[in-house]
Amino acid sequence: ATYGQGRDADRPLWVGSVKSNIGHTAGLSGLAGVIRTVMAMRHGTVPRTLHLDEPTPHVDWSAGTVRLLSETVPWPAGQRPRRAGVSSFGMSGTNVHVILEENQDSGTVSTTGVAAADSAADDTGGTGVFPWVVSGRDAAGLSAQAGRLSAFVSG
């Protein structure tokens, strides 16, 4: 009932799964989702979800403008930043949710909950994308940690 509400029919909320493409990687599925999302932004396309025969009947697909990624979808940069949510549900009950947003000024990806540094890759084997996990006991602690990391990287 939450996802896709109030969206235009030509701008659906796309839902996909990295696990269908590379298997259930246990604790690394969230990281794989972050990497997949950053690469989708970089390449301007969102890869399809593999092994998808039909959507689950347990979801009311008509309640919002939500579509499964049954085909690769173009995702070009536009007038506003591209955003994506990545969720990872661990076997231990750990739930991780991250919002990734394109920084249109610098061509990098910003995150909420996880920080990522993106140095331009080149033909000489550039360094690519490095996620940094930031944690805290509460929102204030998380914000303080992110601030310290930002100051360190900026310095």
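Miscellaneous remarks
- Other residues lying with their Cβ under 10 Å from the Cβ of LEU68 contribute a combined charge of 0, Lys and Arg counting +1, Asp and Glu -1.
- Spin-label pair VAL73-THR45: with each label point 7 Å from Cα along the Cα-Cβ axis, the two points sit 1.5 nm from one another.
- Residues whose amide H lies under 5 Å from that of THR45, counting only those 5 or more places away or on a different chain, are TRP75; hydrogens are built 1.01 Å from N in the peptide plane.
- Carbon-plus-sulfur accessible fraction, region 24-68 (probe radius 1.4 Å, protein heavy atoms only): 60%.
The values are calculated or read from the model by the stated rules, or taken from the named source; none is laboratory data. Note that this is a predicted model, so its numbers are computed, not measured. Neighbour counts are summed over all protein chains in view; Cβ atoms, including those assigned to glycine, are modelled from backbone coordinates with ideal geometry. Ligands, DNA and RNA are stripped out before the accessible areas are found, and what is left, the full protein with its side chains, is counted by its heavy atoms. Shrake-Rupley method; radii C 1.70, N 1.55, O 1.52, S 1.80 Å.
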